[in-house]
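Engineer: Please read through the structure below; I'll follow up with questions.
The values are calculated or read from the model by the stated rules, or taken from the named source; none is laboratory data. Just so it is clear, the structure is predicted and the values come from calculations on it, not from any experiment. Because the Cβ atoms are built from the backbone with ideal geometry, glycine has one as well, and the counts that use them run over all protein chains shown.
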Amino acid sequence: MSQLKRNLIANFVGRGWVALMGIAFIPLYIRFMGIESYGLVGFFTALQAVFLLLDLGLTTTLNRELARYSALPEKSRDMRDLVRTLETVYWALAFCIGAVVLILSPFISSGWIKAGTLSVEAVRKSVILMGLVMAFQFPLGFYSGGLLGLQRQVLFNILNAIWYTLRFAGGVMVLWLVSPTILTFFRWQVVVSAVSTGLMAVALWRSLPAGHERARFRVSIWHSVWRFAIGMSGISITVLLLTQLDKIILSKMLSLELFGYYTLAWTVANGLTTLTGSVFMAMFPSFSQRAALGDVEGLKQLYHRSCQLMSVIILPVAIFVALFAREILMVWTQNSVTVANTHFLVSLLIIGTALNGLMNLPYALQLAHGWTSLAFYTNVISVVVLIPLLVVATSYYGAVGAAAVWIALNSGYVLIQLQIMHRRLLKGEQWRWYFEDVGLPMVATLSVIGMGRLLIHNLISLPIVLVSLMIVFALALTSAALATPQIRLWVFGKIGRWRPGYGT
């Protein structure tokens, strides 16, 4: 089995487990703590995303540089010094995060969050604990990026699965056995974050090539990576504004209960990134290596094959969830009030998330060539245009307006940014992307699931609905695979090998 296939399988299994942990235990969190406390968890997620600004592009820089250096044996010492240099900066930033949240905790608890049953003091203590969690958890992404750049994705996914199991399953156990409060939840997250980051750091350092000298901080490292890092930092800032501002605005404008419903809907839709991220993590180092070696033809073939794989993976899931959100949420939460408040939001948000996912690999192609300006300037224009639209839409239509803006944002990426990218990288290949990589599997999937929506609409029995949904999804996935040229060839090739007498 090739390293790329092994990485893909590891990513799907690992991130699938992560998604399962989140999906399985969120209803239990709400049951133990209440929807208002879960809204506070949603605020923590948004706050965490805000402080990812301080990443400064260092995680992606480490990923790309380690992938490039791994193809050049003479760079083993530079790899260790690179990790030490960026690691030192990263931990200093983590300390700053904890300090800033501690200082802001009184204002956040009394002047920003609109709590109902939760006391201001409980919210303040929760915010302080959020700061500790983020301080310990912040470097986890850095060490993860290093392991992914070294293509140690099997090891990364094992450690990541352990972390999420402790985070979600362990969190439910603590709420059940100790105390069903938001403070207990965040105290547990502090412990888990500290342990997980420590394990990931040890794993990265042991995965680096052995050296005769100790790794050291080198200012000269910055001269080779600062341009890319600054470009990634600019992209991170604009991405944050475009993906998190809705949550920040809604956390101020809505009650904590209603914000909890929006958080739940976003959590469901964002689960799609488990699939898109799996492909991105496997392909980005391979893109970077081929770009470093100047293998244009090999990169083109890998690009289209991986984009078609991405479409087959995410389009059936996204369209299925969008059209059957009410039924899926009812089976999952068993709560009609929750379903009524979230199902339409889920449908809108997952459409935007699917469009965003389709652009992951074109984005990876840009980064593999060290081209950060396109994504940055596109995002800047999007911020200028869409943030006022987001404010207006949220003011008039609440959470639904914010979800609609998310669709508009990602539609712009697909229709405009992709065209610009392919004028410079893999020229003219955008039409193959639109037609073969995305268009064919999309049409096939919509046809099957749309028909299923019409047929299942009048079914009443829950067991019949569940069986029908599984059949529709299986048919949609099969249709998408067979409609996509590269995946179809792979499927028929596998079938041919299984035929009696093959190879005789």
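Engineer: Return yes or no: is Arg77 charged (D, E, K, R) and modelled with pLDDT under 85?
Structural biologist: When the stated conditions are applied, Arg77 passes them.
Engineer: Let me ask you something else. Which residue, of Arg124, Arg167, is more than 17 Å from Trp91 (Cα to Cα), without any contact (Cβ under 8 Å) to a residue 24 or more places away in the chain, not small (Gly, Ala, Ser) and not in a loop (DSSP other than H, G, I, E, B)?
Structural biologist: Arg124
Engineer: Could you tell me which residue of the stretch 194-221 is modelled with the highest pLDDT, considering only residues that are part of a loop (DSSP other than H, G, I, E, B) and among the hydrophobic types (A, V, I, L, M, F, W, C)?
Structural biologist: Here the answer is Leu208.
Engineer: In this structure, does Leu86 turn out to be assigned to a helix (DSSP H, G or I), among the hydrophobic types (A, V, I, L, M, F, W, C) and modelled with pLDDT of 80 or more? Break it down stepwise before answering.
Structural biologist: Values: assigned to a helix (DSSP H, G or I): yes; among the hydrophobic types (A, V, I, L, M, F, W, C): yes; modelled with pLDDT of 80 or more: yes.
Judged against the criteria, Leu86 is a match.
Engineer: When you scan the stretch 393-422, how many residues do you find that are modelled with pLDDT of 85 or more and farther than 19 Å from Ile351 by Cα?
Structural biologist: Matching residues across the stretch 393-422 total 4.
Engineer: Got a number for residues in the stretch 122-164 being among the small types (Gly, Ala, Ser) and within 12 Å of Ser196 (Cβ to Cβ)?
Structural biologist: Counting residues in the stretch 122-164 that are among the small types (Gly, Ala, Ser) and within 12 Å of Ser196 (Cβ to Cβ) gives 3.
Engineer: Out of curiosity, is Phe156 closer than 26 Å to Phe12 by Cβ, of a type in the set (A, V, I, L, M, F, W, C) and in a helix (DSSP H, G or I)?
Structural biologist: So Phe156 passes the test.
Engineer: Next up: Could you tell me how many of the residues in the stretch 199-210 are surrounded by 13 or more Cβ atoms within 10 Å (Cβ to Cβ) and farther than 22 Å from Phe136 by Cβ?
Structural biologist: Of the residues in the stretch 199-210, 2 are surrounded by 13 or more Cβ atoms within 10 Å (Cβ to Cβ) and farther than 22 Å from Phe136 by Cβ.
Engineer: Can you go through Leu256, Leu199 and tell me which one is within 30 Å of Leu349 (Cβ to Cβ), touching a helix residue (DSSP H, G or I) at 6+ places or on another chain (Cβ under 7 Å) and of a type in the set (A, V, I, L, M, F, W, C)?
Structural biologist: Of the residues listed, the single one that is within 30 Å of Leu349 (Cβ to Cβ), touching a helix residue (DSSP H, G or I) at 6+ places or on another chain (Cβ under 7 Å) and of a type in the set (A, V, I, L, M, F, W, C) is Leu256.
Each row is one residue, and each column tells you yes or no for (1) modelled with pLDDT of 80 or more; (2) polar (S, T, N, Q); (3) closer than 23 Å to Asn379 by Cα.
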residue	(1), (2), (3)
Leu242	no, no, yes
Glu257	no, no, no
Ala265	yes, no, no
Asn270	yes, yes, yes
Thr273	yes, yes, yes
Ser278	no, yes, no
Gln301	yes, yes, no
Arg305	yes, no, no
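Engineer: Then there's this: Surrounded by 18 or more Cβ atoms within 10 Å (Cβ to Cβ), of a type in the set (Ser, Thr, Tyr) and either modelled with pLDDT of 90 or more or farther than 20 Å from Met470 by Cα (or both): does that describe Ser347?
Structural biologist: It is true that Ser347 is surrounded by 18 or more Cβ atoms within 10 Å (Cβ to Cβ), of a type in the set (Ser, Thr, Tyr) and either modelled with pLDDT of 90 or more or farther than 20 Å from Met470 by Cα (or both).
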